[in-house]
Structure formats: C-alpha cells, structure tokens
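The values are calculated or read from the model by the stated rules, or taken from the named source; none is laboratory data. These numbers were taken from a predicted model, which means no experiment stands behind them. Quick reminder, even Gly has a Cβ in these numbers, built from the backbone with ideal geometry, and neighbours come from all protein chains shown.
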Amino acid sequence: MSRALKFLMFVYFVVFMTTGVFMVFIVNADEASQPWIALLVRNHAIVYAWHLGCWMVLGMFTNYYWDLFNLGKGLEAMQALRIGLPLLVSPFVFMPVYNLWLASSSQSYMLFAVIAIQSGFFWQALLTKVAPLDRAASIPWSVNNGVARSARTSNPQGPELG
C-alpha cells in the first residue's frame, strides 16, 4: 500500500472517530454540560454532516475492497488514484442522504448512517444508469472494468419491441 493511501486512511480514521465521539457528546448532552459541548449541540448539523460523509466514504472504500476481493486481490493492490473518482462524485451521492436527514423528524442517527454507507457502497449504480442503453457499459473507474459481467446475448441492442 502506498504512503499516500496510508496517509489518506489515517486522515479519514481521525475525522471519522472525532466526529463519532462528538456525536456521542451531542446525544448525551444536557443542561449541565460543558460550554464546548453546548457549542457542539448548537452546531450538531455540521458535525453530523461530516459524520454522515465519513459513513458514505466508508461505503465507497468497502465497495472498492469488495471488487478487489472478488478479483482475488488484497489490500496491497489498492491504489490511491482509483479511490479519487468516488471521492469526486461523493457530493452527488451525499446530497440525497443529507437532504433526507434534514427533512426527517426521526431522532435515529444510526438509521441515516446506514443509509449513508449503503449509498456509498452503491455509488457506481448511480453513475452507470446515466450511460446510453445502446452499448455495453465499460466502467473505467471500476476495479474489474466489466470483466465479471456475463457476455451479451446475440442481440446487443436488447429485445425487440412490438
């Protein structure tokens, strides 16, 4: 694993753990809490947005590792540049989850964390739906790049209608 990837993973781990600890303080705060905890409570939307973002990025990393695992590779085969595109498209994946949380009256923080990690894991499904239907999808940022897909039938245009 490269030094850049180790550094990115370290930064991610620190942000994830810090926002998680802050969320524990926010959820357990009361009137007698320290002033800095009261500040966190007032700004809980910012802290939770960062924490949800960390859950989503965890889903993206998990998806990348899942693809590597299916190819018979391990952590040593991870490349920092392959993780770049998921991080670039992460705002498109994150905004629906964040807006869902803002519109919800639920106090369940874990529910939205699960939705965020699921959105991160399936981020490729969102972008492959944008591709035209008249050709096979070749996904350049995917680990297997279409190798694991089954071969198309004799009619690559799809079934004829009418």
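Would you say Leu58 is within 21 Å of Phe7 (Cβ to Cβ) and at pLDDT below 85? It would help to see each step written out before you state the result.
Numbers: within 21 Å of Phe7 (Cβ to Cβ): yes; at pLDDT below 85: no.
Answer is no for this residue.
Of everything in region 14-48, what is surrounded by fewer than 16 Cβ atoms within 10 Å (Cβ to Cβ) and under 15 Å from the mean Cα position of the chain (by Cα)? Give them in sequence order.
Val15
Across region 7-43, what is the total count of residues that are closer than 19 Å to Tyr109 by Cβ, of a type in the set (A, V, I, L, M) and not in a helix (DSSP H, G or I)?
So the first thing to find is which residues in region 7-43 are closer than 19 Å to Tyr109 by Cβ, and the list is 15-30, 33, 37-43.
Those left that are additionally of a type in the set (A, V, I, L, M): 15, 17, 21, 23-24, 26-27, 29, 37-41.
Narrowing further to those that are not in a helix (DSSP H, G or I): 29.
So the count comes out to 1.
Kindly provide the set of residues from region 108-137 that are loosely packed, with under 13 Cβ neighbours inside 10 Å and modelled with pLDDT under 75, ordered by number.
Ala125, Thr128, Lys129, Val130, Ala131, Pro132, Leu133, Asp134, Arg135, Ala136
Please go through (1) more than 14 Å from the chain's Cα centre (by Cα); (2) surrounded by fewer than 13 Cβ atoms within 10 Å (Cβ to Cβ) for Leu88 and return the number of the only condition it doesn't satisfy.
(1)
For region 79-100, which residues satisfy the criterion of being farther than 14 Å from Cys54 by Cβ and of a type in the set (Phe, Trp, Tyr)?
The answer is Phe92, and nothing else.
For region 3-12, which positions are loosely packed, with under 15 Cβ neighbours inside 10 Å, over 14 Å from Gly53 (Cβ atoms) and either modelled with pLDDT of 95 or more or of a type outside the set (Lys, Arg) (or both)?
If the condition is that a residue be loosely packed, with under 15 Cβ neighbours inside 10 Å, over 14 Å from Gly53 (Cβ atoms) and either modelled with pLDDT of 95 or more or of a type outside the set (Lys, Arg) (or both), then Ala4, Phe7, Phe10 are the ones that fit.
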